[in-house]
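A quick write-up on the structure given underneath.
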Amino acid sequence: MLLVLTHDVDWSRKGPATEHVLARLNRFSIEDRYRFFTLRENIYDGIATIMDYEQRQGIKSTFFFRTFYDDYTTVELYSDIISELRRGGWEIGLHSNSGENLESIRQEKILLEKIYSQEVKSLRVHYLKIDANLIPKLSAIGIKYDSSICKAKTGPSHESTGCHILDGVMELPITIMDAYMFTYWGVKPSEVYQKIIEILDNFNRQGIKIATLLWHTNSVRMHDGKEYLRLVEEIWKIEWLTPIRVIDTPISLCKKEKLI
Ligand SMILES: [Zn+2]
């Protein structure tokens with residue numbers, strides 16, 4: 001089974017407002033709380049931690065960046081990180097603010113490509129708010145992969161596995177998402193890692209060849225979100241699982257059928 005590893009960068013380089021972090025401080029380790037208070041470090045930024053862990057295991061994933069953030073800063077603040085990711089072989093995808101307007105997505109794609117210095121081929125719409133009718137049209141603006149669909153809100157779903165070809169655009173539905181696991185699925189922090197393996201093992205036994213994992217960059221420094229790092233450390237011990245980036249997904253494994 002191929003596991004497509006993806007990360008959404010929902011927050012700006014500066015991170016959320018102080019009050020937002022303070023209200024969620026109990027989710028972080030003592031060290032990170034200290035860093036927040038003394039250094040004013042943005043403890044919502046888990047990109048370097050993810051890179052560090054993935055690099056050590058020789059794994060590369062896809063990072064979806066927004067171009068405009070809620071604090072009115074832009075992706076330009078992430079320029080150095082994006083260059084580092086590109087040089088290291090990670091993929092940069094667009095986490096667009098719009099999921100309804102092809103022209104807006106195209107504009108955001110151009111902005112991100114200026115910083116990435118490479119073509120952006122993968123898309124995930126912020127909040128997954130995509131107009132499904134738009135997916136087949138994405139090829140017209142050079143988007144070849146989309147991962148904005150998730151039909152696993154209440155629990156793991158067969159529908160949210162594999163990949164589908166829609167008029168030349170590959171759709172990779174999100175099989176497992178950190179936020180859904182913690183909230184809707186009610187998985188306890190101590191059971192997150194085991195649960196991920198259990199779900200993937202089940203799908204693997206059912207003959208599913210591709211699963212997509214979304215782990216937000218802002219969650220890896222939180223208690224439950226840290227479990228992603230454990231997955232990365234253990235991944236090569238699971239002999240039936242191979243981690244890949246979005247663009248590595250082989251088209252031969254995709255179904256040519258209507259998803260919606
Ligand atoms: Zn998002």
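The values are calculated or read from the model by the stated rules, or taken from the named source; none is laboratory data. Model, not experiment: these values are computed from the prediction. For neighbour counting, all protein chains shown are included, and Cβ atoms are generated from backbone atoms with ideal geometry for every residue, glycine included. Surface accessibility is based on the protein's heavy atoms, side chains included, excluding ligands, DNA and RNA. Shrake-Rupley method; radii C 1.70, N 1.55, O 1.52, S 1.80 Å.
Can you go through T161, T154 and tell me which one is out of contact with any strand residue (DSSP E or B) (no Cβ under 9 Å at 6 or more places or on another chain), away from the ligand (no atom under 14 Å from the Cβ) and polar (S, T, N, Q)?
Going through T161, T154 in turn, just one is out of contact with any strand residue (DSSP E or B) (no Cβ under 9 Å at 6 or more places or on another chain), away from the ligand (no atom under 14 Å from the Cβ) and polar (S, T, N, Q): T154.
Which pairs turn up if I take residues in region 31-48 that are over 14 Å from K226 (Cβ atoms) and look for partners that are acidic (D, E) and surrounded by 13 or more Cβ atoms within 10 Å (Cβ to Cβ) with beta carbon separation below 8 Å, at least 6 apart in sequence or on another chain?
R35/E41; E41/D32
Is there a residue being within 16 Å of the ligand (Cβ to nearest atom) and part of a helix (DSSP H, G or I) anywhere in region 51-74?
Checked region 51-74: no residue is within 16 Å of the ligand (Cβ to nearest atom) and part of a helix (DSSP H, G or I).
Identify the single condition in (1) surrounded by fewer than 17 Cβ atoms within 10 Å (Cβ to Cβ); (2) more than 22 Å from I43 (Cα to Cα); (3) within 16 Å of the ligand (Cβ to nearest atom) that T183 does not satisfy, given that it satisfies every other one.
Going through (1) surrounded by fewer than 17 Cβ atoms within 10 Å (Cβ to Cβ); (2) more than 22 Å from I43 (Cα to Cα); (3) within 16 Å of the ligand (Cβ to nearest atom) one by one, T183 breaks only (2).
Go through region 79-108 and give me each residue that's without any contact (Cβ under 8 Å) to a residue 60 or more places away in the chain, open to solvent by less than 70 Å² (accessible area, probe 1.4 Å), in contact with a strand residue (DSSP E or B) (Cβ under 8 Å, 6 or more places away or on another chain) and more than 16 Å from the ligand (Cβ to nearest atom).
Once the filter is applied, which keeps residues that are without any contact (Cβ under 8 Å) to a residue 60 or more places away in the chain, open to solvent by less than 70 Å² (accessible area, probe 1.4 Å), in contact with a strand residue (DSSP E or B) (Cβ under 8 Å, 6 or more places away or on another chain) and more than 16 Å from the ligand (Cβ to nearest atom), region 79-108 yields I82, L85.
Looking at the structure I just gave you, is I244 within 12 Å of M1 (Cα to Cα), of a type in the set (A, V, I, L, M) and out of contact with any Ser or Thr (no Cβ under 6 Å at 6 or more places or on another chain)?
When the stated conditions are applied, I244 passes them.
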